[in-house]
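The values are calculated or read from the model by the stated rules, or taken from the named source; none is laboratory data. Because the structure is a prediction, the values reported are computed rather than measured. Every residue, glycine as well, gets a Cβ built from its backbone with ideal geometry; the counts of neighbours run over all protein chains shown. What goes into the accessible areas is simple: the full protein's heavy atoms, side chains included, and nothing from ligands, DNA or RNA. Shrake-Rupley method; radii C 1.70, N 1.55, O 1.52, S 1.80 Å.
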Amino acid sequence: MKFNPIVIDNWGRKPYFEHYLNHVRCTYSMTANIEITSLLTELKDKGMKLYPALIHMITTVVNRHSEFRTCFDSEGRLGYWDSLSPSFTIFHDDEKTFSSIWTLYGESFIDFYSRYLDDMKMYGSVKQFFAKENEPPNTFPISSIPWVTFTSFNLNVYNEGTYLLPIFTIGKYFQHNEKILLPLSGQFHHAVCDGYHASLLYNELQSRADTCSEWLPNYTTLY
């Protein structure tokens with residue numbers, strides 16, 4: 001992993017960054033439905049899980065755009081990571097609590113899926129807020145609320161407002177006009193990305209869902 005510092009004076013986004021960070025500190029949320037009809041069918045046919053597929057889809061699209069990888073590092077420098085890995089929540093049904101686990105990202109879904117299963121086997125029953133230790137600095141959060149089909153979702157983070165990476169929340173999928181739709185909420189910082197960039201992300205996620213047969217394995221040997 002590599003962190004690439006940004007020279008603000010040479011950055012075309014400088015006036016927008018300074019405005020939305022220093023003058024009108026602003027984050028925003030956007031919720032859209034992703035059609036997962038084909039994706040869900042393909043996964044069921046292969047006996048594979050939806051949650052890691054969605055995590056991999058989101059991380060793949062996030063890693064295509066530096067706007068979603070831009071943040072401050074531990075030294076307070078502004079820059080962007082070469083790539084991010086997902087840090088995602090899991091639910092403990094017996095105690096109705098959750099934990100956060102991270103899995104190293106890679107472009108190959110089957111490799112990522114295997115690492116996900118390994119992490120779940122090792123840390124899935126660990127009832128701590130951070131179940132897997134040594135989380136690297138280049139991660140971003142994904143969570144799921146699979147009990148409700150929400151139409152909007154907003155996080156209110158009471159800090160200095162300098163967390164620049166996106167935060168995603170997945171809702172319960174539902175059927176509409178013979179299609180399966182999944183609500184996905186994203187929290188974005190206006191200092192580093194605008195509505196245009198968020199729209200790109202959702203459109204590319206939809207494209208990835210539509211072309212799932214191209215990146216899902218033809219068969220699985222994980223079971």
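In the stretch 99-136, what residues are basic (Lys, Arg) and touching a strand residue (DSSP E or B) at 6+ places or on another chain (Cβ under 8 Å)?
From the stretch 99-136, those basic (Lys, Arg) are 115, 121, 127, 132; that's our starting set.
Within the stretch 99-136, Lys127, Lys132 meet the criteria.
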Residues of the stretch 135-178 classified as closer than 21 Å to Leu84 by Cβ, touching a residue at least 60 places away in the same chain (Cβ under 8 Å) and loosely packed, with under 15 Cβ neighbours inside 10 Å, total = 6
ask   = Which condition does Thr220 not pass, out of (1) under 14 Å from Thr31 (Cβ atoms); (2) modelled with pLDDT under 95; (3) over 18 Å from the mean Cα position of the chain (by Cα), if it passes all the others?
value = (1)
inquiry  = Take the conditions open to solvent by 70 Å² or more (accessible area, probe 1.4 Å), over 19 Å from Pro136 (Cβ atoms) and either in contact (Cβ under 8 Å) with a residue 12 or more places away in the chain or polar (S, T, N, Q) (or both) and apply them to Ser29. Does it pass?
reply    = no
request  = Tell me, yes or no, whether the stretch 52-63 has at least one residue that is of a type outside the set (Lys, Arg), open to solvent by 40 Å² or more (accessible area, probe 1.4 Å) and assigned to a helix (DSSP H, G or I).
outcome  = no
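Hey, can you tell me all the residues within the stretch 179-198 that are open to solvent by 10 Å² or more (accessible area, probe 1.4 Å) and in contact (Cβ under 8 Å) with a residue 40 or more places away in the chain?
Step one: filter the stretch 179-198 for residues open to solvent by 10 Å² or more (accessible area, probe 1.4 Å), giving 179-181, 187, 190, 194-197.
Selection gives Lys179, Ile180, Leu181, Gln187, His190, Asp194, Gly195, His197.
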